[in-house]
Amino acid sequence: MDNLQWLLNISYGLVSFLGGWVFTRLFTMMDRQEQTIKDINDKTFTDFITLRKEVEAESRKNQLDIADLALKVSTTYVTKDSFDYSLTKIEDKLDRNFEIIQEHLINKK
């Protein structure tokens with residue numbers, strides 16, 4: 001009976017050792033997975049912050065470019081004299097064309 005008890009104790013000890021080893025491995029693997037996920041989240045968050053700063057800088061640059069363009073456009077308005085002169089030329093051409101059309105219609109009759 002002593003030998004049987006001794007054999008049972010050794011087998012229980014061996015099963016307990018293997019069970020503990022398996023649980024230790026499982027928890028170690030779970031800790032590694034959690035650390036990997038945390039590292040990925042940290043890297044993703046850092047990349048997001050970096051990208052956001054780049055987009056904000058580009059947006060500020062675009063806003064400055066638009067403001068500069070608005071200033072340039074505002075200094076190149078047409079003067080009243082130039083506008084009046086252009087309108088007069090257009091009206092003269094329209095009058096000439098109208099006269100030509102009227103002559104053509106009169107000659108057809």
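Report yes if GLN5 is out of contact with any strand residue (DSSP E or B) (no Cβ under 8 Å at 6 or more places or on another chain) and either exposed (fewer than 10 other Cβ atoms within 10 Å of the Cβ) or in contact (Cβ under 8 Å) with a residue 12 or more places away in the chain (or both), otherwise no.
It is true that GLN5 is out of contact with any strand residue (DSSP E or B) (no Cβ under 8 Å at 6 or more places or on another chain) and either exposed (fewer than 10 other Cβ atoms within 10 Å of the Cβ) or in contact (Cβ under 8 Å) with a residue 12 or more places away in the chain (or both).
Is it the case, given these coordinates, that LYS38 is without any contact (Cβ under 8 Å) to a residue 12 or more places away in the chain, among the basic types (Lys, Arg) and exposed (fewer than 10 other Cβ atoms within 10 Å of the Cβ)?
Judged against the criteria, LYS38 is not a match.
Return yes or no: is TYR12 outside any helix (DSSP H, G or I) and either exposed (fewer than 10 other Cβ atoms within 10 Å of the Cβ) or free of Cβ contacts under 8 Å to residues at least 40 places away in the same chain (or both)?
For TYR12, the condition - outside any helix (DSSP H, G or I) and either exposed (fewer than 10 other Cβ atoms within 10 Å of the Cβ) or free of Cβ contacts under 8 Å to residues at least 40 places away in the same chain (or both) - is not met.
Name the pairs whose Cβ atoms lie under 8 Å apart, with the first residue in the stretch 56-83 and at pLDDT 90 or above, the second surrounded by 10 or more Cβ atoms within 10 Å (Cβ to Cβ) and not polar (S, T, N, Q), and 6 or more positions between them or separate chains?
Filtered contacts from the stretch 56-83: no entries.
The values are calculated or read from the model by the stated rules, or taken from the named source; none is laboratory data. All values derive from a computational prediction rather than experimental measurement. Cβ sites come from the backbone with ideal geometry, for glycine too, and all protein chains shown count toward neighbours.
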